[in-house]
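Here's the structure, in structure tokens; my notes come after.
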Amino acid sequence: MSQVASLAEIRETFELLSDWEDRYRYIIELGKSLPNLPEEHKVNANIVHGCQSQVWIVHRLENGKLEFALDSDALIVRGLIAIVLAALGHRTPAEVLAVDMDSLFDELALKRHLSPTRGNGLAAMVRRIRDIARRLA
Amino acid sequence: MSHATNITALRSDFPILAERVNGQPLTYLDSAATTQKPAAVIAAIADYYRHDNANVHRAAHALADRATAAFEEARRKVQKLLGAQRAHEIIFTRGTTESINLVAQSHGGHRLRAGDEILVTELEHHSNIVPWQLVAARKGAKVLAVRVTANGEIDLDDLDSKIGERTRIVAVGHASNALGTINPVDEIVRRAHDAGAVVLIDGAQATAHLDIDVAALDVDFYAISGHKAYGPTGIGALYGKESLLESMPPWQGGGEMIETVTIEHTTFNRLPFKFEAGTPHIAGAIGFGAAIDYLAAIDAQALANHEATLLRLVTDRLAQTEGVRLIGTARDKVSIVSFLLDGQHPHDVATLLDQQGVAVRSGHHCAMPLMQRLGIPGTVRASLGLYNSPADVDRLVRAVEKTRALLT
Ligand SMILES: Cc1ncc(COP(=O)(O)O)c(C=O)c1O
């Protein structure tokens, strides 16, 4: 369960990109480099509900740290997943709960993707990750 | 009355079209979800609240008279729009969905027996499937679906093979919201009546585009939404044949729909009030009436030509765009095009179009059985209204090209 780009890298890159095309090109790139979830994990039990595209999530606790793997059939959603994983992956449950995702997405000017009315399910994904962390904290 | 023939000039009647989104001028291509509203409709709603607001059919004061007169006048406008013979055959509802639920619960609940069949099609919106499933489960009836061909047309041979002596209700859309297909409703009504079934037509996507004449169609029920035809949300109507509506039990109970009430027994009001429990959406009905007036003032032939020209243009331009695959190529269509871009997810495409100011819909369009039938997860849908122009089509096509470059 690897991470494609670190949060620091993502932050730096976003700072350099001023127009929407470049930002989306980067999100799409992140999406392309996100490792695929093995097919056997793409089952109903792992689906994150509330997304227009399909999103799957699996997790395990390793040495006290939560490791997540997510995938989607939509490329932009995969890019957003890469950002979520950079922020929330490979952390203890308590650390996951301490991250302020709202302000991160605000900073990246991606806030509107977190709004619950958006079909991409980013808000649902973050909620699901936090639920898992809460159970294990 | 002189009818507006210059359709292009009508765009300026819609204040919202001057909005900018994501820093871009708005190209609104999601009219099948809901149309934008002309200033006349917005003004009619505001004027009602400013000058005439009161509850209808009750109080003996001047405002109540005005509100009631305006509300009932709106009913007559809907009657005229649909070609109904009697105003009391028009029931105000929240929209198409509520109209269909009313028929399913009241007529279906009253008439259906175990083993009876309700026939829908694979083209239907969930609103014309799920209400039938609910009543079917309650009554032990069955919902069957007529097949749709690969180009998105109802397979009439399959209709013939599925319609039979157990068929009680045939429920079919006038035009498909997902693909735009215009269905041969007159033919379907004829075949259903030959088999002794009652027919409901979901007219949600027809109202803004097609001439509707329920009397000539001889259809039993016709369901519409105001907001799909330049009117406000929250208001719609059900047309029902008088004899059928008379035979149906009330659906919801409350004020307005009663004649006398004792704790033991209630007698019900006459049509249409029997089916309009509670305070209705008075402002909505008046706004809907204003939308009907607005449409009536436009030359119907000029409007049809305008939309047909745009549909041909958007279809041809998209067909020539690399990577685009059109979904739904029926011969007769309202101004809706569905498409896929290479192997890209419709949601990705719609997100990038939105960044360019182009508002489209992506997904299954509340027609999951149709998507399953076509073997696709969904589509990108551009749907056009009277205010769209060739420039909008051009912006869409350019935005699709840019989207493709970004995604591949
Ligand atoms: C064909 C069709 N039927 C029914 C509906 C439901 O209409 P409403 O949501 O206004 O009740 C829609 C709206 O999307 C539609 O397009």
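If a/c stays under 1.5 just call it rounded; otherwise compare a/b with b/c (prolate if a/b is bigger, oblate if not). Do that for chain B, with a ≥ b ≥ c from the square roots of the Cα gyration tensor eigenvalues. The shape class here is oblate.
Among B:His265, B:His345, B:His209, the residue with the largest mean-square fluctuation in a Gaussian network model of chain B, with springs joining Cα atoms closer than 10 Å, is B:His265. Close amide H partners of B:Ile258, meaning residues 5 or more places away or on another chain with modelled amide H under 5 Å apart, are B:Asn269.
Take each residue in B:340-349, count the other chain C-beta atoms within 10 Å of its C-beta, and the mean is 5. The lysines within cross-link reach of B:Lys274, meaning a Cα-to-Cα straight distance under 22 Å and a gap of 8 or more places when in the same chain, are B:Lys77, B:Lys80, B:Lys241. Given a Förster distance of 45 Å, report the FRET efficiency between A:Lys65 and B:Ile16 from their Cβ-Cβ distance, rounded to the nearest 0.05. E(calc), rounded to 0.05, equals 0.35.
Among the residues of A:67-75, the average count of other protein chain beta-carbon atoms within 10 Å of the residue beta-carbon is 3. Couplings 3J(HN,Hα) for the range B:34-49, derived from phi with the Karplus relation 6.51 cos²θ - 1.76 cosθ + 1.60 (θ = phi - 60°), are 7, 7, 6, 10, x, 3, 4, 6, 4, 5, 4, 5, 5, 4, 4, 5 Hz, where x marks Gly and Pro. Each residue of the range B:192-202 was assigned a 3J(HN,Hα) from its phi angle through the Karplus expression (A = 6.51, B = -1.76, C = 1.60, θ = phi - 60°), giving 5, 5, 4, 8, x, 9, 8, 10, 10, 10, 7 Hz with x at Gly and Pro.
Sorted on the mean count of surrounding Cβ atoms within 10 Å across their residues, most packed first, peptides B:347-355, B:254-262, B:137-145 read B:347-355, B:137-145, B:254-262. Between B:Asn55 and B:Glu242, the simple label model (points 7 Å from Cα in the Cβ direction) yields a spacing of 3.0 nm. Spin-label model, B:Val130/B:Gln372: points 7 Å from Cα along the beta carbon direction are separated by 1.5 nm. Here the Karplus relation 6.51 cos²θ - 1.76 cosθ + 1.60, evaluated at θ = phi - 60°, turns the backbone of the range B:110-118 into coupling constants of 7, 9, 6, 10, 4, x, 5, 10, 10 Hz, with x for every Gly and Pro. For B:Thr121, the residues whose modelled amide H falls within less than 5 Å of its own, excluding neighbours fewer than 5 places apart on the same chain, are B:Val146. Taking a straight line from the alpha carbon of B:Lys37, these aspartates and glutamates sit under 14 Å away, with near neighbours fewer than eight places off in the same chain left out: B:Asp13, B:Glu19, B:Asp293. Summarising the label geometry, the points placed 7 Å from Cα in the beta-carbon direction at B:Ala391 and B:Arg270 lie 5.3 nm from one another.
Rounded to the nearest Å, what's the spacing between the alpha carbon centres of the range B:70-111 and the range B:250-312? Just the number, please. Using only Cα atoms to place each centre, the spacing works out to 6 Å.
Quick one: which of B:399-406, B:109-116, B:284-291 comes out on top by average Cβ neighbours within 10 Å, and what's the full order, highest first? Please list the in-between numbers first.
On the way: B:399-406: 18.9, B:109-116: 14.1, B:284-291: 27.6.
Order by mean packing, descending: B:284-291, B:399-406, B:109-116.
For chain B, take the longest principal axis of its alpha carbons; what is the angle in degrees between that and the long axis of helix B:62-82, to the nearest 10 within 0 to 90? With both axes taken from Cα atoms, the answer is about 60 degrees. Over the protein assembly as shown, the hull volume per residue, using the convex hull of the C-alpha atoms, is 186 Å³. How would you classify the range B:14-91 from its alpha-carbon gyration tensor, with a ≥ b ≥ c the square roots of the eigenvalues: rounded for a/c under 1.5, else prolate if a/b is greater than b/c, otherwise oblate? Oblate, because a/c is 1.5 or more while a/b does not exceed b/c. Averaged over the residues of A:48-58, the number of partner chain Cβ atoms lying within 10 Å of the residue Cβ comes to 2. Per-residue ellipticity at 222 nm, computed for the protein assembly as shown from helices alone with -39500 (n - 2.57) per DSSP H run of at least four residues, works out to -11500 deg cm²/dmol.
When ranked by the protection proxy of mean other Cβ atoms within 10 Å per residue, highest first, what sequence do the peptides B:123-131, A:49-57 form? Display every interim value, and only then the final one.
Working: B:123-131: 22.2, A:49-57: 19.1.
In decreasing order of mean packing, B:123-131, A:49-57 become B:123-131, A:49-57.
Amide hydrogen proximity for B:Ile327: with H placed 1.01 Å from N in the peptide plane, the residues at 5 or more positions away or on another chain lying under 5 Å are B:Ser338, B:Phe339, B:Leu340.
Laboratory data are not the source of any read-out in this text; all were calculated from the coordinates shown. Quick caveat, the model's predicted, so the values are computed rather than measured. Counting neighbours? That spans all protein chains shown, and the Cβs are built from the backbone with ideal geometry, glycine included.
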